[in-house]
Amino acid sequence: EGLVRHFGSAGGLFKPARAPVRAVDGVSFAVMRGETLALVGESGSGKSTTARLVLRLIDSSAGRIRFDGQDITDLSQRALRPLRQRMQMVFQDPFASLDPRLKVRQTLEEPLIVHGMGNAAERRARVDELLGLVGLSQHHADRYTHEFSGGQRQRVGIARALMLHPDLVVCDEPVSALDVSIQAQVVNLLKDLQARLRLTYLFIAHDLAVVKHMADRVAVMYLGQLVEIAPKHSLFANPRHPYTRMLLDAIPRPQPGEPSRHQAQAAGEVASPASAPAGCRFHPRCPFAIDRCRVEEPVLEPTEAGHMAACHRKNELAPWEAAAPAAAS
Ligand code: SF4
Ligand code: MG
């Protein structure tokens, strides 16, 4: 609720103080038990920082974080420890997040050992159970992750995140580093695990294509702020923010050939949080910008049931039409 995270220096003897960068600037949302909330935006939008704030991996400059009814904003790391088991993360880069010196069994056992759970036989059984759940088998346990493909490594990363029976799993672009052919397999695995284990996902992605098959609701971030949040079907059918429309245009079409509308539209430079424009932060790139947009910051307001957008013109935009597939010729 109202999460803010500043980065930047207060200056020093030979260094002028710089205005702090508001990497996350007043972000509020709730993730409901058992759902997948997707957090989508370009790199630099603050989505990974938001995820780390939620998990208390970094501290917020302002705002509150509640987990299962408990305010965890000011808990010490020690007091957080029992809750850590219930909040886990799957990282973007399975190559970087797994220790290459460890065999898979050691990699998976480690969280159990750290949290003092089970004896050797119980840990062994739990590792075997998780390997099965993520579609690997026991003979993978005695190998090193560098012997594995990207998709297999991400399966190990997912198994590791699930070792401690978490409730909430934050998936930070879990398929972005994988071949397109493997992405769907991992997305399907995550969906399957969610149903079986009744998991709650905060699922971060930089485009809307992946979350179309994954999310129940979608939150779109731009330069540290939420600009739209809606149930998936409402967002895809009736996007109210011009930036969301731009992201929808960027979804690759089934038929290659014609340049997408996105390529024409996205000519505007991606702004940096260090120099966020006044008024609506999206105005330098927005095809619908009017004078008001340059001076007055829009706030998130409801448009229809469960659907909110931060745009002065959210109710004036023409009905959305998805880009038509290129005609066969
Ligand atoms: Fe575009 Fe104005 Fe809406 Fe911002 S407030 S997205 S500039 S129309
Ligand atoms: Mg990121």
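Laboratory data are not the source of any read-out in this text; all were calculated from the coordinates shown. Predicted model, so just to flag it, every value in this text is computed and none were measured. Methodologically, a virtual Cβ is constructed for each residue, glycine included, from the backbone with ideal geometry; neighbour enumeration extends over all protein chains shown.
Observations on the model:
- Calculated FRET value between Glu147 and Met32, using beta carbons and R₀ = 41 Å, to 0.05: 0.55
- Length added when fully stretched, Ala62-Glu122, from 0.36 nm per residue minus Cα-Cα: 17.4 nm
- Extension gain, Arg196 back to Ser137 (0.36 nm per residue minus Cα-Cα distance, nm): 19.4 nm
- 18 Å reach of a label modelled at His115, 7 Å along Cα-to-Cβ, counting backbone N of the stretch 134-159: 134, 156-159
- Each listed q (0.08, 0.12 Å⁻¹) maps to a log10 I(q)/I(0) for the chain from the Debye sum over equal C-alpha point scatterers, namely -0.42, -0.91.
- Sorted on the mean count of surrounding Cβ atoms within 10 Å across their residues, most packed first, peptides 236-244, 153-161, 281-289, 313-321 read 153-161, 236-244, 281-289, 313-321.
- Per-residue 3J(HN,Hα) values for the stretch 276-291, derived from phi via the Karplus relation 6.51 cos²θ - 1.76 cosθ + 1.60 with θ = phi - 60°, read 4, x, 6, x, 6, 5, 8, 4, x, 10, 8, x, 10, 4, 10, 3 Hz in sequence order (x marks Gly and Pro).
- 0 to 90° range, to nearest 10: angle between helix 150-162 axis and the chain longest Cα axis: 80 degrees
- Acute angle (nearest 10 degrees) that the helix 180-197 long axis makes with the longest principal axis of the chain, alpha-carbon atoms: 70 degrees
- Mean projected area (nm²) of the alpha-carbon convex hull when the stretch 35-113 is viewed from all directions: 7.1 nm²
- The ranking of Arg78, Arg52 by Cβ neighbour count inside 10 Å, starting from the fewest, reads Arg78, Arg52.
- Reported to the nearest whole Å, the Cα centre-to-centre distance from the stretch 277-307 to the stretch 56-85 is 32.
- Degrees between helix 104-114 axis and first principal axis of the chain (Cα, 0 to 90, nearest 10): 90 degrees
- Helix content alone sets the calculated 222 nm mean residue ellipticity of the chain: runs of n ≥ 4 DSSP H residues at -39500 (n - 2.57) each, divided across all residues, give -9000 deg cm²/dmol.
- Averaged over residues, the count of other Cβ atoms within 10 Å places the peptides 120-131, 221-232, 294-305 in the sequence 221-232, 120-131, 294-305, highest first.
- Hits among lysines - C-alpha to C-alpha of Lys47 under 30 Å, sequence gap 8 or more where chains match: Lys15, Lys191, Lys212, Lys232, Lys314
- In the stretch 43-181, the alpha-carbon atoms span a convex hull of 127 Å³ per residue.
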